[in-house]
Structure formats: structure tokens, C-alpha cells
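A.B. asks: Before we start, here is the structure in question, set down as C-alpha cells.
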Amino acid sequence: MGVILFIVVYAYFAYGIQTIAEKTGTENAWLAWVPLANIYLLCKVADKPGWWLVLFLIPLVNIVVSVIVWLAIAEKRGKEGVWGVLMIVPFLNLAALGYLAFSD
């Protein structure tokens, strides 16, 4: 049951990130489905350098970088920054991603 839940949540996040990339005009939106490449894609959507992917691999630094990237993504989607901050809050990130990806 846990594996199925993991696959469903991963697919939801990948589809959400792909949708955000497409709506922001970022190339290679399909990278959302590839582990680690999806983080690179998030950096590109947020107009951050691709090497920021490395910062996501450093404990504690990854939290700060994640907030910065998701704030930039929220701004790029024309949404309030709080939606980007909610991406680091478990369970609320599901709603925040849905709002950032699927709202107009």
C-alpha cells in the first residue's frame, strides 16, 4: 500500500511541476518526471542557475534554497509568495502545488 501511495504522490508532484513549467514557458517540461532532473527544472522555472541543484543536496541549506526557489516560482505564476513557502510544509504542499500548477 505504501508503494502505491508513493507512486501516486510522485506522479502528482511530477505532473504539477510539468504543468508549472509548461505554463511558464520553460523548455523540457518532461524533466519533471526524472528524479533530480526535476529539481534542475524547478531551478530553471525560478530563473536560478542550474548548479543550484547541488544546494538542494546539502542538509539544512536545501530548506532555505527550496523556499527561495518556490517563492520565485510563485511570483512567476503571478501568485502570492506564501504559496511558495507552503511548499515546505508537509500535506499543505499538496494543496499549494495544485494551486500553483492548475489555477489560472
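The values are calculated or read from the model by the stated rules, or taken from the named source; none is laboratory data. None of these values were measured; they are calculated from a predicted model. Every residue, glycine as well, gets a Cβ built from its backbone with ideal geometry; the counts of neighbours run over all protein chains shown.
A.B. asks: Just to be sure I understand, how many residues within segment 56-80 are surrounded by fewer than 18 Cβ atoms within 10 Å (Cβ to Cβ) and not small (Gly, Ala, Ser)? Please lay out each step first, then the result.
C.D. replies: Narrowing segment 56-80 to residues surrounded by fewer than 18 Cβ atoms within 10 Å (Cβ to Cβ): 56-64, 67-68, 75, 78-80.
Restricting the remaining residues to those that are not small (Gly, Ala, Ser) gives 56-64, 67-68, 75, 79-80.
Going through segment 56-80 one residue at a time, the tally reaches 14.
A.B. asks: Name the pairs whose Cβ atoms lie under 7 Å apart, with the first residue in segment 1-24 and more than 19 Å from Asn93 (Cα to Cα), the second assigned to a helix (DSSP H, G or I) and of a type in the set (Lys, Arg), and 6 or more positions between them or separate chains?
C.D. replies: So the pair list comes out as Thr24/Lys76.
A.B. asks: Out of (1) under 21 Å from Gln18 (Cβ atoms); (2) among the charged types (D, E, K, R); (3) exposed (fewer than 14 other Cβ atoms within 10 Å of the Cβ); (4) without any contact (Cβ under 8 Å) to a residue 24 or more places away in the chain, the odd one out for Asp47 is which?
C.D. replies: Failed condition: (4).
A.B. asks: What tally of residues in segment 65-83 results from selecting those that are of a type outside the set (Lys, Arg) and either closer than 16 Å to Thr26 by Cβ or in a loop (DSSP other than H, G, I, E, B) (or both)? It would help to see each step written out before you state the result.
C.D. replies: To start, the set of residues in segment 65-83 that are of a type outside the set (Lys, Arg) comprises 65-75, 78, 80-83.
Narrowing further to those that are either closer than 16 Å to Thr26 by Cβ or in a loop (DSSP other than H, G, I, E, B) (or both): 69-70, 72-75, 78, 80-81.
Residues meeting the conditions: 9.
A.B. asks: Turning to a different aspect of this structure: Please go through (1) surrounded by fewer than 16 Cβ atoms within 10 Å (Cβ to Cβ); (2) modelled with pLDDT under 95 for Val85 and return the number of the only condition it doesn't satisfy.
C.D. replies: For Val85, the failing item is (1).
A.B. asks: Kindly provide the set of residues from segment 54-104 that are of a type in the set (Phe, Trp, Tyr), within 19 Å of Pro35 (Cα to Cα) and either in contact with a Leu (Cβ under 7 Å, 6 or more places away or on another chain) or touching a residue at least 24 places away in the same chain (Cβ under 8 Å) (or both), ordered by number.
C.D. replies: Hit for segment 54-104 is Trp70, nothing else.
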